[in-house]
Amino acid sequence: MGRSEKTLIPFMALAGLMLLAGLWAGLVRLGWYLPQPGAGLAGSHGALMVGGFLGTLIGLERVGAVKRWWAYGAPLFAALGGLAVLGGSAAAIGGIFFLFGSLSLVAIFVALVSRHCSAPLITMALGAALWAAGNGLWLLGYPLYRIIPWWVGFLVFTIAGERLELSRVLRPSPAARAGFFVAHAILALGLAASLAAFDAGVRIAGIGLVAVAAWLLRYDLAWRTVSHHGLHRFMALCLLSGYVWLGIGGFLWIGFANYFRAGPLYDAMLHCLFLGFVFSMIFAHAPIIFPSITGMAMPFQELFYVHLALLHLSLALRVAGGLALWVPGLRWGGLLNVLSLLIFLANNVRAVRRGRLAAADAA
């Protein structure tokens, strides 16, 4: 492991801490009786998961691309924001750190675009800008449910930009590329409209989510690799199933925008995206991104299908419980969601250990 890779390990540890804390907070929010270090833990679930965990992870992934010392500000401020929220500090303190982290991520993409201007990088830069806008609204005192769509936009733009970059090998037609930009423009339009007319804006954003999902299902490289074996097939199945959840989430936003505040329907509308879409992407890319960041091999294991299957089955139970207003289904689905993510972490640790043993045997 090189010196730069060792520097990134503490950030990975902080991201892991934010993930575990966010999962704990999520279970408390669902009504499971667990010890709480602070009275506001349940309310910090979203900030810990999006800002603390995903913000740190995405910032960390981009540090290596720009190769500048100031780029560490993105994962550092995101992690500090998560620690501030977890420590029970005033929301403004965590929000300020998250805002600095998101602005640092914007600066990273500005630097990358200045070197090589491309549609994927511009898409990801816009995603970082949406995260910054959402964090700014949080500091202005907007309620969390009005900020969540901006955080969703951040993740969708970021992930779709990365997939667009990989789709270049398929050489999508000009019409197909135009469809990509139109879909994202609709999503961004919905976010902007939500500032003036929230329910209407959520519905427009939902149309954008469905359009993005349809584009990814039609043009993503995963259709070429799903017939392969091993890691390639696993990644493709993660990606395609994630796009389905993205589309389902978009339809729920269209149909139930007036419930986008709290309750079982709200839970279903969010977790189709944050769990079904985002974590399917994490499952797909972890075997590649983790070794690239840490320098530690993480060979594919068939056991990876366990956490993938459990995630989707438990999420189906949770979403069905939310739509049917069946609280036990929602709560047990949420508990099994957490179990699937813990198994994901355990399987990754197991794969790293196997990679080390294989390297030692080869030596």
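The values are calculated or read from the model by the stated rules, or taken from the named source; none is laboratory data. Quick caveat, the model's predicted, so the values are computed rather than measured. Glycine also receives a Cβ, built like all others from the backbone with ideal geometry; neighbour counts cover every protein chain displayed.
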Checklist outcome for this item: Filtering the range 295-334 down to residues that are surrounded by fewer than 17 Cβ atoms within 10 Å (Cβ to Cβ) and among the small types (G, A, S) yields G295, A297, A309, A316, A320, A324
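Take L239 and tell me if it is in a helix (DSSP H, G or I), surrounded by 24 or more Cβ atoms within 10 Å (Cβ to Cβ) and touching a residue at least 60 places away in the same chain (Cβ under 8 Å).
On the way: in a helix (DSSP H, G or I): yes; surrounded by 24 or more Cβ atoms within 10 Å (Cβ to Cβ): yes; touching a residue at least 60 places away in the same chain (Cβ under 8 Å): yes.
The answer is yes for L239.
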Checklist entry - Hey, among the residues in the range 242-261 that are assigned to a loop (DSSP other than H, G, I, E, B) and buried (at least 18 other Cβ atoms within 10 Å of the Cβ), which one's modelled with the highest pLDDT? => result F256
Checklist entry - Of all residues in the range 61-76, how many are in a helix (DSSP H, G or I), over 19 Å from I96 (Cα atoms) and not aromatic (F, W, Y)? => result 6
Checklist entry - Can you find a residue in the range 271-290 that is among the hydroxyl-bearing types (S, T, Y), buried (at least 18 other Cβ atoms within 10 Å of the Cβ) and closer than 26 Å to G153 by Cβ? => result yes
Checklist entry - In the range 90-119, which residues are under 20 Å from F180 (Cα atoms) and surrounded by 18 or more Cβ atoms within 10 Å (Cβ to Cβ)? => result F109
Checklist outcome for this item: Residues of the range 309-363 being of a type in the set (A, V, I, L, M) and in a loop (DSSP other than H, G, I, E, B), in sequence order, are A324, L325, A363
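Pick from L217, L252: which is farther than 17 Å from L308 by Cα and free of Cβ contacts under 8 Å to residues at least 40 places away in the same chain? Even if it seems obvious, please write down each step before you answer.
Working: L252 fails: free of Cβ contacts under 8 Å to residues at least 40 places away in the same chain.
Matching residue, one of L217, L252: L217.
Any residue in the range 291-300 that is closer than 26 Å to R146 by Cα and of a type outside the set (A, V, I, L, M, F, W, C)?
Going through the range 291-300, the residues closer than 26 Å to R146 by Cα turn out to be none.
No, that holds for no residue.
Looking only at the range 101-136, filter to residues that are over 19 Å from the mean Cα position of the chain (by Cα) and touching a residue at least 24 places away in the same chain (Cβ under 8 Å); which one of those is farthest from L209 (Cα to Cα)?
Applying the first criterion (over 19 Å from the mean Cα position of the chain (by Cα)) to the range 101-136 yields 107, 110-119, 136.
This time we only want the ones that are touching a residue at least 24 places away in the same chain (Cβ under 8 Å), so: 107, 111-112, 118-119, 136.
Details: A107: 26, A111: 28, L112: 26, S118: 22, A119: 19, G136: 23 Å.
For the range 101-136, the residue satisfying everything is A111.
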Item to check | Residues of the range 171-185 satisfying the condition of being touching a residue at least 12 places away in the same chain (Cβ under 8 Å) and surrounded by fewer than 19 Cβ atoms within 10 Å (Cβ to Cβ) | outcome: P172, A176, R177, G179, F181, V182, A185
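Kindly indicate whether any position in the range 346-356 is over 25 Å from A15 (Cα atoms) and either at pLDDT below 95 or surrounded by fewer than 21 Cβ atoms within 10 Å (Cβ to Cβ) (or both).
So the first thing to find is which residues in the range 346-356 are over 25 Å from A15 (Cα atoms), and the list is none.
Within the range 346-356 (the criterion being over 25 Å from A15 (Cα atoms) and either at pLDDT below 95 or surrounded by fewer than 21 Cβ atoms within 10 Å (Cβ to Cβ) (or both)), the answer is no, since none of the residues qualifies.
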